[in-house]
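Undergrad: My structure is below; once you've seen it, I'll send some questions.
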Amino acid sequence: MDLKPQELLVLLKVCAHPDRKYTFAALAQELAMSAAEVHASVKRATGAGLVNQRGRGDWSPIRPALLEFLVHGARYAFPAQLGPVKRGVPTAYGAEPLASQLQNSGDVPVWAHPEGSARGPSISPIYRTAPQAALADPALHRLLALLDGLRIGRVRERELAARLLGEFLRGNDGPA
C-alpha cells in the first residue's frame, strides 16, 4: 500500500489541533476532500506505521514516526515541482514560522491560488486542496509551510524547518 501526499495533509491537520477529535466527515469538509479520501488516507498511513488505530474511528498520528518521515522522506517521496511566478499563498521560507527567522530578500515561494497575498515562484502544494485548507486554518498553514521548507529549502531552511517541526510534534511550543 503506497503512501500518497494527501496522507500528510490529513495527518498535519490532526496534529495542528491536538485537542480536537475529528470525524472523517469533519476532516473532509475542512480539507476540501471527500470522507472516502480521508478514510483511505488514514488507512494507508496506518499501514505505513504513521497512525495508531485503536478502534473504529479512534486513531491518532504517531508523531515520532511522522516527524521522521517528514524530515527524511517527504522531499524524496513527494518532491515539490517548481513553476512560473504567480499570485498565491506564501509557503516555505515565505510564510511563518520560517519567514521571521530567515533573511530573505528575493521572491517568496507560493502555492498558486487566486486568494493569495503574494507573488513569487510557484511550487506544487503537497495536495491540491492544501492552499484552500491553509487559508482557512493558520495553524495548518504553518505546518504545511514547514513541510515545504523541508521539500524545497536549502540546508539552512531544512534544518530550521526540521527543528521547528520537531518541537511542535514533540509537544514543545509550536511553530509560532
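Undergrad: Taking mean projected area of the Cα convex hull in nm² straight from the coordinates, which label in [x] 14.8; [y] 10.1; [z] 9.3 is the correct one?
TA: [z]
Undergrad: Which far-off residues, 5 or more places away or on another chain, put their amide H under 5 Å from the one on residue 52, with H placed in the peptide plane?
TA: Amide H to amide H, under 5 Å and 5 or more residues apart or across chains, residue 52 pairs with 60, 62.
Undergrad: Identify, among 83, 104, 120, the residue whose Cα sits farthest towards the positive end of the charge dipole of the stretch 43-176, taking +1 on the Cβ of Lys and Arg and -1 on the Cβ of Asp and Glu, with the dipole about the Cα centre.
TA: Going by the charge dipole, the pick is 83.
Undergrad: Treating only the Cβ of Lys, Arg, Asp and Glu as charged (+1, +1, -1, -1), what charge dipole size does the stretch 125-176 show about its Cα centre? Round to the nearest 20 debye. Kindly include the intermediate steps, with their values, before the conclusion.
TA: Working: 8 positive and 6 negative charges, 39 e Å.
Taking the Cα centre of the stretch 125-176 as origin, the dipole is about 180 debye.
Undergrad: Rounded to the nearest 20 Debye, what is the dipole magnitude of the chain about its Cα centre when Lys and Arg each give +1 and Asp and Glu each give -1 at the C-beta?
TA: 240 debye
Undergrad: Taking the chain, how many lysine pairs are there with alpha carbons less than 19 Å apart, if each pair must be eight or more places apart or span two chains?
TA: Total qualifying Lys-Lys pairs in the chain comes to 5.
Undergrad: Separate question: In a Gaussian network model over the chain where Cα atoms closer than 10 Å are linked, find which of 12, 27, 150 has the largest mean-square fluctuation.
TA: 27
Undergrad: Roughly speaking, to the nearest percent, how much of the chain's 1.4 Å accessible area is carbon and sulfur?
TA: 50 percent
Undergrad: Further question on the same structure: Roughly speaking, what is the stretch gain from residue 34 to residue 128, that is 0.36 nm per residue apart minus the C-alpha to C-alpha distance, in nm to one decimal?
TA: 32.6 nm
Undergrad: Hey, what do the phi angles of the stretch 92-105 turn into as Karplus ³J(HN,Hα) couplings, whole Hz, using 6.51/-1.76/1.60 and θ = phi - 60°, x for Gly and Pro?
TA: Going residue by residue, I get 6, 6, x, 10, 6, x, 6, 4, 6, 9, 10, 7, 10, 9 Hz, with x marking Gly and Pro.
The values are calculated or read from the model by the stated rules, or taken from the named source; none is laboratory data. Given the structure is predicted, the values throughout are model-derived calculations rather than measurements. Cβ: placed from backbone, ideal geometry, glycine included. Neighbour counts: every protein chain shown. Accessible surface areas use protein heavy atoms only, side chains included; no ligands, DNA or RNA. Shrake-Rupley method; radii C 1.70, N 1.55, O 1.52, S 1.80 Å.
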